[in-house]
Each structure stands twice: as C-alpha cells, then as structure tokens.
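Any read-out appearing in this document is the output of simple, stated calculations on the displayed coordinates, not a laboratory observation. Computed from a prediction, not measured in an experiment: that's the story for all the values here. Cβ: placed from backbone, ideal geometry, glycine included. Neighbour counts: every protein chain shown.
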Amino acid sequence: MAQFLKLRHNNFIMPKHIPQDELDKIQNVVAGFPEGAGVEEISQALTIRISRRTLQRRLALLVEQKKIIVQGRARASRYRLPVLAEYGHAEQNYQKATGVDEVYVPLSNEGMAIREAIRKPIQARHPVGYNRSFLDSYRPNETFYLLPELRQRLYEMAGAPEYQNPAGTYARHIFNRLLIDLSWNSSRLEGNTYSLLETELLLEFGEAAEGKNALEAQMILNHKAAIKLLVEQAGEVGLNKFTILNLHALLADNLLADSQACGRLRAIPVGIAGTVYFPLEVPQLIDEYFRQILAIVSEIEDPFEQSFFVMVHLPYLQPFEDVNKRVSRLTANIPLIRSNLSPLSFVDVPDRAYIDATLAVYELNRIELLRDVFVWAYQRSCARYSAVRQSLGEPDPFRLKYRIQIRNFVAKVVQKCFDKRAAVGWIARKSVEEIPVDNRARFIEIIETELGALHEGNIARYNLSPKELKKWQRSWI
C-alpha cells in the first residue's frame with residue numbers, strides 16, 4: 001500500500017512538458033514592464049490564450065529558473081526581469097542620496113560610480129589620448145566585456161535564435177518598424193530634432209518636416225539607406241572593412257564638407273566637444289588600429305560580445321572624420337541581424353545616458369556604464385519586436401523565399417507604368433525566366449495581389465515614391 005501511494009504521488013508531481021516558446025512569450029511580455037507587472041497586466045498583454053492559474057504556474061517556473069523575479073505576495077505580486085531589478089536598486093539609492101530624479105537607464109553599482117566620475121567639471125578631468133593597451137589587452141573568446149551570465153540573460157531576452165533560417169529573416173519580418181525605430185533613435189542620439197511621426201512621414205512618403213534643417217532630413221534618410229543594406233544583404237555584409245566603409249559612406253552621404261571623406265578612413269586630426277579625450281592624429285596608426293579592431297571582432301564567437309565590442313572600440317578610435325557613433329550603432333546590429341536575434345534600435349535610451357557612457361570609454365577606458373545602457377536598450381528592443389512579431393504572425397515561407405523577386409517585379413510594373421494588359425504579359429514572361437515552374441502560378445498570384453493592394457501607405461517596401469505610384473495608377477486600367 002505504501003509503495004502504491006508513493007507511485008501515485010510520483011505520478012501526480014511529474015511535470016508536464018511546457019512549450020519553450022510559451023515561456024519565452026511570457027518572459028518577453030514581462031520585459032515590456034520595466035517597473036514590474038501583475039498577473040492581470042501580463043495576461044492582457046499576452047497574445048496567446050492561457051488561463052490565470054496556468055499563467056501563475058508559468059510565472060512561478062520562470063521565477064524558479066531565475067529568468068524573472070517576483071516582488072510582493074498574493075494579489076500584490078509583481079514580476080519583472082532580474083536585470084532591471086538588480087540595476088534599478090543602485091539607481092534608486094543614488095536618487096535618494098542626491099535628490100536627482102532624471103530620466104536615465106537603471107544602473108549597476110559600477111555604472112553609477114562611473115557616471116559620477118565622468119560628470120565632474122571638465123576642468124577637473126585629466127586630458128588623455130588614445131590608449132592602445134585598451135585594445136591590445138582584449139583576447140577574443142578569453143576576454144569578455146559581457147560576462148557569461150549576462151550573455152545568457154541577453155539570449156533569454158531575445159528568445160531562441162532562428163539559425164535554420166537565412167541570415168536577416170528576423171529583421172526582414174519586422175523591417176518596417178525597425179527602419180523607423182532605428183533611424184529615429186540613432187538620429188535622435190545625435191541631436192536630430194525630428195519627432196517620431198515626422199520621421200515616419202519622411203521615410204514612408206519623402207515628406208520633410210517644415211521648419212527643420214535639411215541636414216536633419218538627410219541624416220534620417222541616410223539611416224534608411226544603411227539599414228536597408230544591413231537587412232536586405234544580411235547574408236553578404238559582415239564585420240569587415242568593406243562593409244564598415246560602405247556603411248560610413250551611406251550614413252555620411254551629403255553631410256561632410258569633404259564629400260571624398262565618405263567611406264574613407266580619417267587622414268586629418270579631429271576634436272570632440274565636451275571631452276578631454278584627444279583621438280589619434282596619425283593616419284597610418286588609425287588604419288592599423290582599425291584593422292586590428294576588425295581582426296579581433298571577426299574572431300569573437302558570441303554575437304552579443306561582437307555587438308558590444310564594436311560599440312566600445314569604433315567610436316573610441318574615431319576612424320572617420322565624423323559620423324563615428326552612427327557607424328558603431330549600425331555596425332553593432334550586424335552580428336544580431338545575421339544571427340536572427342532581435343536587433344538593437346536604442347528605443348527609449350536617454351541621450352544623456354548614452355553620452356555619459358561614451359565619454360567614460362573615451363576618458364577612462366571603462367565599459368561598465370555603456371554596458372548598462374546596452375543591456376537596458378536591448379531589453380527594450382526585444383520587448384518591442386517580440387510584440388510586433390506576435391501581432392504579425394509567422395512569415396509566409398514562400399514569400400520569404402521569393403522576397404527579392406516579389407519586390408523587383410512589383411517595382412518594375414509601377415516604374416514602367418504598365419497597364420493591366422501589358423503587366424500580365426510582362427509578369428508571365430519574366431516569371432518563366434526567373435521562377436521554377438512548380439512555383440510560378442503561386443508567384444504570379446502574389447504579384448497580381450500585391451499590385452492590386454498598392455497604396456501610399458505601403459509603397460516604401462518596394463522603394464517607390466508617391467509620384468511614381470500616382471503616375472502608374474493613371475495607366476492601371
């Protein structure tokens with residue numbers, strides 16, 4: 001009898017299999033509540049149907065796995081990510097002690113100390129030059145700016161990488177949102193005054209905001225071109241000299257006094273306002289250290305470590321006459337996009353926090369404050385794009401396979417102003433040339449459906465202008 005009871009008890013407590021994607025979705029929802037959320041808030045934010053009791057059990061399991069933490073008891077329980085809980089405690093202590101309540105990212109104790117050091121009056125900070133030992137001391141896959149437990153947290157935020165899909169699949173699925181977010185936030189961190197809505201109108205319809213400097217519009221449009229390169233050619237771009245130089249050429253287009261400096265390493269001295277750091281001036285050394293940075297990052301195996309490494313060392317070297325930080329922010333996305341991890345779009349990052357963190361690297365060679373910014377920014381990006389993906393559903397594999405051909409066919413029909421009769425013939429002929437016979441009928445159906453659904457709100461995906469659309473619509477009879 002005792003043995004029977006024991007077996008029955010064991011059967012009772014045997015856990016059922018819990019889908020990992022279900023746990024990931026719950027964790028991503030929790031990540032979207034920096035101050036923590038109750039069960040009801042989490043339930044309402046979820047896009048999957050799950051009972052309250054089941055959700056409570058899933059949350060308890062995530063707490064047990066140390067992927068989230070719980071504060072309070074019973075109905076007062078609130079769940080949040082451990083990264084924010086750990087960092088936020090130090091930040092709250094700082095605010096209580098100083099009475100300062102500014103918009104900032106949650107800080108670790110190290111980050112908080114570095115912020116205080118970098119905020120001393122500039123007269124009290126010691127002038128410094130480029131310190132090569134800072135780069136030389138890094139050993140790929142032996143030295144880590146992001147410790148193993150922190151990298152694990154980043155992977156948990158991002159969810160399981162889609163290694164089985166072509167490079168860039170994740171980013172292409174959220175491309176429209178990523179294009180606006182990253183263009184706006186990266187430009188905002190440079191002092192650009194365009195609002196988010198003004199950025200959307202510029203990117204989607206080419207409408208520049210009234211009363212704004214033309215250079216601001218150019219900066220945002222340059223981001224669009226650079227982001228399209230990273231996403232559309234994700235399988236070809238890499239952490240190499242060719243890619244980085246071309247990124248700079250796109251981001252700096254029409255913004256530099258010397259147009260020939262676009263896509264070229266710096267050959268003149270530069271100064272940086274608001275800091276006591278003086279970058280290298282010798283072109284041969286700039287080239288040497290630039291190559292060394294790329295050699296090191298190409299050996300790093302972890303994509304998050306790669307991403308953070310270039311955020312540290314590219315701006316520190318200042319390899320270009322200008323636009324260095326913009327290059328580093330987009331370059332930091334290359335390993336993430338290639339690995340089908342959530343991109344980093346710097347959503348909600350306060351400009352003061354980013355500036356402080358960058359100055360700490362310049363003047364102190366300390367990375368802890370920038371690491372706090374990086375982790376918090378990535379958490380915000382993951383929560384945003386997880387929600388976007390859940391609302392969009394899974395991508396159609398057929399459309400994903402023929403995404404380039406679909407875009408090209410639709411664009412050509414519009415640009416050539418085909419009427420319906422001419423379009424049918426042209427699409428049929430071109431499909432014979434480019435699409436296997438088994439997929440041809442479905443492909444033609446998609447092209448014709450897309451043409452029928454074109455409007456000003458979706459032409460950006462085909463790189464078409466409103467003017468081209470209106471001209472084509474007059475002939476589409």
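Our estimate of slack between A60 and E22, defined as 0.36 nm per intervening residue step minus the Cα-Cα distance, is 12.3 nm. Think of each Lys and Arg Cβ as +1 and each Asp and Glu Cβ as -1; about the Cα centre, that makes the dipole of the range 171-326 roughly 60 debye.
In units of the rule-of-thumb radius 2.2 N^0.38 Å, the range 270-357 shows an alpha carbon radius of gyration of 1.14. PRE reach from N141 (point 7 Å along Cα→Cβ): which of the range 261-303 fall under 16 Å by backbone N? Label zone hits: 295-303. By the gyration tensor of its Cα atoms, with a ≥ b ≥ c the square roots of the eigenvalues, what is the shape of the range 109-391: rounded for a/c under 1.5, prolate for a/b over b/c, or oblate? Rounded shape, in that the Cα axes give a/c under 1.5.
The ranking of E156, E210 from fewest to most other beta carbons within 10 Å of each one's beta carbon is E210, E156. Our estimate of slack between A117 and E468, defined as 0.36 nm per intervening residue step minus the Cα-Cα distance, is 120.9 nm. From most to least packed by mean Cβ count within 10 Å, the peptides 65-76, 442-453 give 442-453, 65-76. From its DSSP helices (H runs of at least four residues, each -39,500 (n - 2.57)), the chain gives a residue-normalised ellipticity at 222 nm of -19000 deg cm²/dmol.
Measuring between their Cα centroids, the range 401-423 and the range 424-454 lie 9 Å from each other. Compactness of the chain is given as radius of gyration and Dmax, 25.3, 89 Å, from Cα positions. Going from the residue with the fewest nearby Cβ atoms within 10 Å to the one with the most, C417, C382 rank C417, C382. Report, in listed order, any pair from K212/K412; K25/K401; K241/K401; K401/K430; K25/K228; K224/K325 with a Cα-Cα distance greater than 24 Å. Pairs exceeding the cut-off: K212/K412; K25/K401; K241/K401; K25/K228.
Is the C-alpha gyration tensor of the range 15-80 telling us rounded, prolate or oblate? Criteria: a/c under 1.5 is rounded; beyond that, a/b larger than b/c is prolate, otherwise oblate. Cα axes put the range 15-80 in the rounded bin. The Cα atoms of the range 397-475 define a convex hull whose projected area, averaged across directions, is 4.9 nm².
With a Förster radius of 30 Å applied to the C-beta separation of C417 and E236, the computed FRET efficiency comes to 0.40.
Summing charges over all other residues whose Cβ lies under 13 Å from the Cβ of E204, with Lys and Arg as +1 and Asp and Glu as -1, gives -1.
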